[in-house]
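Readers should treat all values here as calculations from the given coordinates under stated rules, not as data from a laboratory. Just so we're clear, the structure is a prediction, and the values are computed from it rather than from any experiment. All Cβ positions, even for glycine, are placed from backbone atoms using ideal geometry, and neighbour counts span all protein chains on display.
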Ligand SMILES: C[S@@+](CC[C@H](N)C(=O)[O-])C[C@H]1O[C@@H](n2cnc3c(N)ncnc32)[C@H](O)[C@@H]1O
Ligand SMILES: [Mg+2]
């Protein structure tokens with residue numbers, strides 16, 4: 001079995017790129033901005049805001065969302081400083097931003113797009129966030145936007161047709177208990193590694209801000225609109241195999257290294273890890289609801305996030321064909337998507353113990 005390809009976004013700034021098709025992920029940052037500022041103001045100790053302040057974004061992709069994420073944090077820190085000291089942060093505080101992602105992330109696009117007039121210095125930090133990527137106590141606030149649902153690898157047995165935990169589907173739909181357990185076990189172990197690594201890298205009292213989506217307790221992924229669209233991707237791959245365009249064996253042994261957890265599972269993993277206190281777990285009302293109900297936007301947006309991973313398995317042509325079929329399926333079943341169970345968009349704030 002080959003090793004899992006790294007899950008990167010489609011790079012560059014072209015029509016298929018993540019850069020041009022990630023407004024859904026950005027909208028959560030906007031919707032949660034005020035709440036986030038309140039929490040930073042209440043939970044970040046003023047003592048941590050002096051001379052040099054480090055912000056780190058883990059799983060930053062190629063922009064532009066990461067710029068919004070770090071700017072919102074800097075705005076909130078400056079506002080708190082100004083309010084509580086009466087001094088101008090511009091005179092006293094310098095900001096350093098650390099942009100982390102896999103080494104094969106498109107960092108060139110990212111650095112070329114750094115916003116003019118920003119009040120921070122920048123550095124790239126390559127490597128998997130499941131491991132240490134920074135020295136001890138090297139940042140004050142860390143952020144993860146839509147990257148808290150990955151596993152480091154596809155769980156054991158999932159891609160093996162002879163295994164009891166073989167996954168017929170291409171993601172964890174929630175309907176097969178053995179598959180669900182394999183994914184949850186892998187996700188729990190990986191997320192604990194992620195928290196262990198950040199716990200070393202963050203200063204004491206520092207905050208981790210997690211933005212993303214999870215399931216409401218007891219709901220299954222394929223009962224939500226995002227899960228339904230993922231099922232469409234799997235069905236489209238099967239259609240292509242039927243037409244002889246790709247290999248059925250390859251489709252049967254294909255699964256994704258991601259797991260959308262239930263709220264209770266996330267809470268339990270963080271509690272069991274014990275390095276951080278959950279200061280907030282906010283249910284954020286996303287302006288687009290679960291997703292815009294437009295088949296074309298759905299297909300393009302999922303292609304920007306999933307396309308590079310699918311291309312690595314099936315080739316770029318098959319990937320493109322698959323998403324054409326996804327759009328058709330979305331068109332045909334738009335009412336089903338509309339009536340699906342709502343997922344939950346969250347802002348989780350963790351404070352280093
Ligand atoms: C859906 S994108 C989100 C990007 C960005 N945070 C945003 O909000 O637009 C997920 C990102 O996580 C990165 N990623 C996934 N697993 C990772 C890992 N183990 N280490 C570092 N980055 C990872 C991917 O490369 C990708 O850029
Ligand atoms: Mg499969």
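Overview of values
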item: Condition check for residue 167: closer than 30 Å to residue 227 by Cα, more than 22 Å from the chain's Cα centre (by Cα) and crowded, with 20+ Cβ neighbours inside 10 Å; result: yes
item: Filter result (in a loop (DSSP other than H, G, I, E, B) and either under 21 Å from residue 353 (Cβ atoms) or without any contact (Cβ under 8 Å) to a residue 12 or more places away in the chain (or both)) within segment 134-150; result: 134, 135, 136, 137, 138, 148
item: Residue check, residue 151 near ligand 2 (Cβ under 10 Å from one of its atoms) and either on the phi < 0 side of the Ramachandran plot or buried (at least 21 other Cβ atoms within 10 Å of the Cβ) (or both); result: no
item: Matching residues, segment 235-250, being within 29 Å of residue 128 (Cα to Cα) and buried (at least 21 other Cβ atoms within 10 Å of the Cβ); result: 237
item: Scope segment 287-325; condition more than 17 Å from residue 231 (Cα to Cα), surrounded by fewer than 19 Cβ atoms within 10 Å (Cβ to Cβ) and within 20 Å of the chain's Cα centre (by Cα); matching residues; result: 287, 288, 289, 292, 311, 312
item: Failed item, numbered, when residue 153 is tested on (1) within 16 Å of ligand 1 (Cβ to nearest atom); (2) not in a loop (DSSP other than H, G, I, E, B); result: (2)
item: Among the candidates 204, 163, residue that is touching a strand residue (DSSP E or B) at 6+ places or on another chain (Cβ under 9 Å) and over 29 Å from residue 27 (Cα atoms); result: 204
item: In segment 231-248, the residues that are over 10 Å from residue 322 (Cβ atoms) and more than 28 Å from the chain's Cα centre (by Cα); result: 241, 242, 243, 244, 247, 248
item: Search result, residues across segment 262-276 that are part of a helix (DSSP H, G or I) and either in contact with a helix residue (DSSP H, G or I) (Cβ under 9 Å, 6 or more places away or on another chain) or over 21 Å from residue 173 (Cα atoms) (or both); result: 265, 266, 268, 269, 270, 271, 272, 273
item: Residue list for segment 75-99, restricted to those being buried (at least 16 other Cβ atoms within 10 Å of the Cβ) and out of contact with any helix residue (DSSP H, G or I) (no Cβ under 9 Å at 6 or more places or on another chain); result: 96, 98
item: 2 or more residues touching a residue at least 24 places away in the same chain (Cβ under 8 Å), within 24 Å of the chain's Cα centre (by Cα) and away from ligand 2 (no atom under 16 Å from the Cβ): qualifying helices (runs of 4 or more DSSP H) within segment 11-130; result: 23-31, 33-43, 65-85, 107-112
item: Output for segment 140-150, where each listed residue is within 6 Å of ligand 1 (Cβ to nearest atom) and in contact with a strand residue (DSSP E or B) (Cβ under 6 Å, 6 or more places away or on another chain); result: 145, 146, 150
item: Only one of 270, 278, 266, 228 that is touching a residue at least 12 places away in the same chain (Cβ under 8 Å), surrounded by fewer than 17 Cβ atoms within 10 Å (Cβ to Cβ), away from ligand 1 (no atom under 16 Å from the Cβ) and under 19 Å from the mean Cα position of the chain (by Cα); result: 278
item: Residue 174 being away from ligand 1 (no atom under 12 Å from the Cβ), within 21 Å of the chain's Cα centre (by Cα), in a loop (DSSP other than H, G, I, E, B) and under 22 Å from residue 309 (Cα atoms); result: yes
